[in-house]
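The values are calculated or read from the model by the stated rules, or taken from the named source; none is laboratory data. Because the structure is predicted, anything quoted here is derived from the model rather than measured. Neighbour counts run over all protein chains shown; Cβ positions are idealised from the backbone, glycine included.
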Amino acid sequence: MKILVCIKQVPDMESRFKPDASGVWYAETDLAFRVNEYDEYAIEQAVLLKEQLGGEPEVTVLSIGADRVVEAIKKGLSMGGDRGVHVQDAAAHLKDSWQVASIIAAYAAGEGFDLILTGLQSQDRGSAQVGVTVAELLDYACATTVVGFGYADGTVTVKRELEGGVKGTVRLKTPAVVTCQLGLNQPRYPTLPNIMKAKKKEVRVIPVAELLHQDQRVAPCEFRAPAKKGSAVVLEGELADQVDRLIGILKDKTAVLR
Amino acid sequence: MKLLLIGECREGKLLEYSYELFGFASQAGAETAMLIVGGEGALPGYGGTVYLADAGKYGEYNPDLHKRLVQAVVERERPDYVVFMHTSYGWDLAPRVAALLKVPQVSEVVALAEGGGFERPCLSQKMRQVVKPKGTPVVLTLQGGAFPALVPGGTPQVQPIDAAGEGRLEFLGYEAAARKGVDLTKAEVIVSVGRGVGKKENIPVIAELARVLGGEVGASRPVVDSGWMDAGSQVGVTGQTVSPKLYVACGISGAIQHLAGMKKSGFIVAINKDKEAPIAGVADVLVVADVMQFVPALTAKLAK
């Protein structure tokens, strides 16, 4: 069995974001990068399945981007992935979701993956398009927003998270794409020996030009902070003073404090 | 301009948020038609054309067939935009439709921008981008709550619609929401725990504030996902939707799914280190502080 996990490296969401020189996306200066949270669940699910099947499946971890994304691939390998693929693209942020999906599909087309796992969405762009579009391009079955996963004999059974706390159970046959929702499993922390082992695992580098044959369908044209609709009173400064001011406001504006 | 709106059904009923599609159409000043995969009981209060596909035949969740139904209606109506809600149904089906029609898709639209552009959130709702699709029709998904729900009124002209093909997903059924723990919808005060509290061992500190305020303890999604609290405590789209007199968000950045579940609260206090966190957009008071320093100090003062 061959499993592909598609991951993205994204900035820490607690950062302060500013436009880059193009004005259509964020500047990378001073940002710390990490593995997209949704994709960590995808890596973990692939490794859990490999363990369930006695280590037989081969798990490939793919990421597209500048050289910094090798760090994310290495994390996937230290969690239990077998080999990495780095699609080298310093301008990945200017590709739209359609192009990103087409790059992954162009790579995967000749590889015969049985299962492709990825996050429901990225934390930075958040389009939730790439996983489904990869499935459409490869003509694979696809289930999204998965919070429960089971596999036996070429059949995947998943629980999809719907609105209002309801779940929907769906069965599909491999080859398949599954997109992972938060809470699907408990992503492991890589151990030191596994981090050392990961350093020796192969990471194949493919220039993006070899895989990109599609034009952009959606052009980014502006990047900015949301218009301030918040009328929030902001309390800053000394802790004791903040406490007193908040209690004053609560007494004034709510019937909760008497 | 013409929009094809894709309604969403569960267990034979049109989901309420489908009416936000009409609110969007009204803002866009566009003609509309609608597609629903459901039954007669799912028809909206709307005087336009509704293409109705039988859920008994096509299933409520069968995206391989539903995308063909959308394609069939697009061929008849030739819309400029095909519009879904950005939900587990919409974000699942919309990319399949866009791939089938070979057209652009814009996800989670929150506003119309000038010159045919669309405004959408990015970076976990902290920032906005404006994007412009190239070519038509364009597939859109709308963020829940971004456009007002609107019931146009009237009785639809129903047109049956069919499509050929095989579905590769077998839908086995719905599983109802877990309802254990407290009913937060009845609480007058809720103090909610977010990832910003740091670790599970810190939760009693937050619970003590809830006790002093005579309220219940809620949780954000990451706290539940990490196993710090039960799913029954979760506030948000996939948990409970609440509107207490006072909501205190402790270390919650404010994912859109959380905000949708609590923004109708009477008074909202957010305690957060990050002044730019999206929770600030719905809060009445934002306390910029380390939650584990501020909350004990507040509790101590209130307990006096």
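Selection within the stretch A:205-258: residues that are polar (S, T, N, Q) and out of contact with any strand residue (DSSP E or B) (no Cβ under 7 Å at 6 or more places or on another chain). The member of this set that is farthest from the other protein chains (Cβ to nearest Cβ) is A:Gln214.
Considering each residue of the stretch A:174-182 in turn, none proves to be away from chain B (no Cβ under 12 Å) and farther than 16 Å from B:Tyr174 by Cα. Is it the case that the stretch B:68-77 has a residue that's assigned to a loop (DSSP other than H, G, I, E, B) and of a type outside the set (D, E, K, R)? No, because not a single residue in the stretch B:68-77 is assigned to a loop (DSSP other than H, G, I, E, B) and of a type outside the set (D, E, K, R). Checking each residue in the stretch A:49-69 for being assigned to a helix (DSSP H, G or I), surrounded by 17 or more Cβ atoms within 10 Å (Cβ to Cβ) and in contact with a Gly (Cβ under 9 Å, 6 or more places away or on another chain) picks out only A:Lys50.
For the residues B:Arg195, B:Arg96, B:Arg168, the requirement of being touching a residue at least 24 places away in the same chain (Cβ under 8 Å), closer than 30 Å to A:Arg125 by Cα and assigned by TED's automatic domain parsing to the domain that holds B:Trp228 singles out B:Arg195.
Look at the stretch B:107-134 and say how many of its residues are more than 16 Å from the chain's Cα centre (by Cα), at the interface with another protein chain (Cβ under 7 Å from one of its Cβ atoms) and touching a residue at least 24 places away in the same chain (Cβ under 8 Å).
Residues of the stretch B:107-134 more than 16 Å from the chain's Cα centre (by Cα): B:112-119, B:123, B:126-134.
Subsequent filtering for residues that are at the interface with another protein chain (Cβ under 7 Å from one of its Cβ atoms) retains B:117, B:123, B:126-134.
Filter once more, so that each one left must be touching a residue at least 24 places away in the same chain (Cβ under 8 Å): B:126, B:131, B:133-134.
Count: 4.
Being over 28 Å from B:Val97 (Cβ atoms) and touching a helix residue (DSSP H, G or I) at 6+ places or on another chain (Cβ under 6 Å) is a description that does not apply to A:Ser97. Hey, does the stretch B:30-41 have a residue that's in a helix (DSSP H, G or I), within 16 Å of B:Gly12 (Cα to Cα) and more than 20 Å from the chain's Cα centre (by Cα)? Scanning the stretch B:30-41, I find at least one residue that is in a helix (DSSP H, G or I), within 16 Å of B:Gly12 (Cα to Cα) and more than 20 Å from the chain's Cα centre (by Cα), so the answer is yes.
Filtering the stretch B:250-304 to residues that are modelled with pLDDT of 95 or more, facing chain A (nearest Cβ under 10 Å), touching a Lys or Arg at 6+ places or on another chain (Cβ under 9 Å) and in a helix (DSSP H, G or I) leaves only B:Thr299. For the stretch B:202-244, residues that are polar (S, T, N, Q), at pLDDT below 95 and outside any loop (DSSP other than H, G, I, E, B) total 3. Can you tell me which residue within the stretch A:119-136, out of those that are within 7 Å of chain B (Cβ to nearest Cβ) and closer than 16 Å to A:Ile64 by Cβ, is farthest from the chain's Cα centre (by Cα)? By that ranking, first place goes to A:Thr133.
Quick grid of which residues meet (1) of a type in the set (Asp, Glu); (2) modelled with pLDDT of 95 or more:
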{"position": "B:Val74", "(1), (2)": "no, yes"}
{"position": "B:Val82", "(1), (2)": "no, yes"}
{"position": "B:Gly145", "(1), (2)": "no, no"}
{"position": "B:Asp162", "(1), (2)": "yes, yes"}
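Among the residues of the stretch A:52-88, those identified as in contact (Cβ under 8 Å) with a residue 24 or more places away in the chain, within 21 Å of A:Asp153 (Cα to Cα) and not hydrophobic (A, V, I, L, M, F, W, C) are A:Gln52, A:Glu56, A:Pro57, A:Glu58, A:Thr60.
Among the residues of the stretch B:149-164, is any crowded, with 21+ Cβ neighbours inside 10 Å, away from chain A (no Cβ under 11 Å) and in contact (Cβ under 8 Å) with a residue 12 or more places away in the chain? No: the stretch B:149-164 contains no residue that is crowded, with 21+ Cβ neighbours inside 10 Å, away from chain A (no Cβ under 11 Å) and in contact (Cβ under 8 Å) with a residue 12 or more places away in the chain.
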